Amino acid sequence: MQQDSSADSLLKATKLSKSFGGIKAVNNAHIEVNHGSITGLIGPNGAGKTTLFNLLSNFIKPDSGKILFDNQPIHNLPPHRIATQGFIRTFQVARVLSRLSVLENMLLATPNQTGENFFKVWFQQPKLRAEERQNKERAMDILESVGLASKADDYAGALSGGQRKLLEMARTLMTNPKLILLDEPAAGVNPTLINQICEHIMNWNQQGISFLVIEHNMDVIMSLCDRVWVLAEGTNLAEGTPEEIQNNESVLEAYLGQ
């Protein structure tokens, strides 16, 4: 999918900085993700990519800078409030609730459930039961789409690393996301599963979900992304199409060591 340069930004961060013990992990960085795009974020180890993800989702607070999501400032909101607005992230090491089943992991991600309200549990039983059926059906449909339906009753902790990544990604869909931040979705995953993950990302993108992806696998970045942003030593180095990034001498020198 080609990115429409006239499209409004879904996510726009400007002048973000964060220091740890006097070391600037992110230094005056900016990044932009358009509606309907798959945007890549690359850079050498220690470039500040995951720190930038943590700043964007407010898992850590920036020392300075501004973040707009859907034209609304979010840099002062707690992570759970950001998530309710449709801005969801995954982690480099997939986080699942190991002692719950795969299906239970999915159902817990459903927002605004009637059963979360004590009084509604007692006085809206028919609505509660109908909602639970709908949520279970939706969760099973999503699990079916990623090939995990047969694992629905298994403990999430029994899944392989690649399957856990699929579960974490599938679980984000239960929240009706507008934007998903993926932190190295292909890391530690066998090539066959990598191809499946890429197919799911493209399919979900065609359904209207935008993505910002950190990934060291350049084949994944170059095949998926509309635009690519490059960080080096915590600051912006380059931004452009995959083809432009592949031929950028500064990127080749800093990222590929050429």
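The values are calculated or read from the model by the stated rules, or taken from the named source; none is laboratory data. Owing to the predicted nature of the structure, the values given are computational and were not obtained by experimental measurement. Virtual Cβ from ideal backbone geometry, glycine too; neighbours counted across all protein chains shown.
Only one of the numbered conditions (1) within 12 Å of the chain's Cα centre (by Cα); (2) in the same structural domain as LEU143 (by TED's automatic domain parsing) is not met by ASP154, and that is (1).
Considering the stretch 203-250 alone, what residues qualify as being in contact (Cβ under 8 Å) with a residue 40 or more places away in the chain, assigned to a helix (DSSP H, G or I) and among the β-branched types (Val, Ile, Thr)? Hits for the stretch 203-250 are ILE221, ILE245. In summary, helices (runs of 4 or more DSSP H) completely within the stretch 37-114 and bearing 1 or more residues that are out of contact with any His (no Cβ under 8 Å at 6 or more places or on another chain) and within 27 Å of ASN135 (Cβ to Cβ) occur at 79-84, 102-108. The residues on offer are GLU239, GLU199, GLU215, and the sole one that is out of contact with any Asp or Glu (no Cβ under 9 Å at 6 or more places or on another chain) and either of a type outside the set (Phe, Trp, Tyr) or not assigned by TED's automatic domain parsing to the domain that holds ASN28 (or both) is GLU199.
Residues that are over 23 Å from VAL251 (Cα atoms), among the hydroxyl-bearing types (Ser, Thr, Tyr) and surrounded by 17 or more Cβ atoms within 10 Å (Cβ to Cβ) occur in the stretch 50-65; there is at least one.
Surrounded by fewer than 19 Cβ atoms within 10 Å (Cβ to Cβ), in the same structural domain as PHE69 (by TED's automatic domain parsing) and among the hydroxyl-bearing types (Ser, Thr, Tyr), is that true of SER210? Taking the combined requirement at face value, the residue does not satisfy it.
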